[in-house]
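Heads up, the thing below is written out as structure tokens.
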Amino acid sequence: MSLSDAALVKDNHVIAAGGVAAAFEAVRERFPDVPIEVEVDTLHQLREVLDAGADLILLDNFTPAECEEAVALVAGRAALEASGRLTLDNAKAYATTGVDYLAVGALTHSSRILDIGLDLRAAE
């Protein structure tokens, strides 16, 4: 499976939709047959999207201890991918947490790039 086969709900989508569950539900409603991966930054967001019915959740910048907590919380109800903070040196620590997938950005991070971001921020 590649990104052309699925939808990926990321932080900007969450902010624009007003929450992680709302973003997930908007995509699921519009494209009911497309697999959806939802990026979460906190265990609170994980609970929200799990309750909304997500079956593939990306744990963004979680520590190995937080990944272990997420695995226990999910208890097999969804697949989990650990992403962010992963390197080839610490991948084993993440792999032993029980997550289903690892995303190691070593190839991406080793190339010279110009990173231009358009990050939305929640109104305060």
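The values are calculated or read from the model by the stated rules, or taken from the named source; none is laboratory data. Because the structure is a prediction, the values reported are computed rather than measured. All Cβ positions, glycine included, derive from the backbone under ideal geometry; neighbour counts span all protein chains shown.
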Revision key, fill the gap. Residues of segment 10-48 being farther than 20 Å from Arg85 by Cβ and of a type in the set (A, V, I, L, M, F, W, C), in sequence order, are Ile15, Ala16, Ala17, Ala21, Ala22, Ala23, Phe24, Ala26, Val27, Phe31, Val34, Ile36
Exercise for review: Could you please give the count of residues in segment 24-47 that are within 27 Å of Ser4 (Cβ to Cβ) and within 13 Å of the chain's Cα centre (by Cα)?
Suggested key: 9
Point to revise | Filter pass, Ala75 being modelled with pLDDT under 95, more than 22 Å from Lys92 (Cβ to Cβ) and not hydroxyl-bearing (Ser, Thr, Tyr) | key: no
Review point. Tally time: how many residues in segment 90-100 are modelled with pLDDT of 95 or more and outside any helix (DSSP H, G or I)?
Key: 5
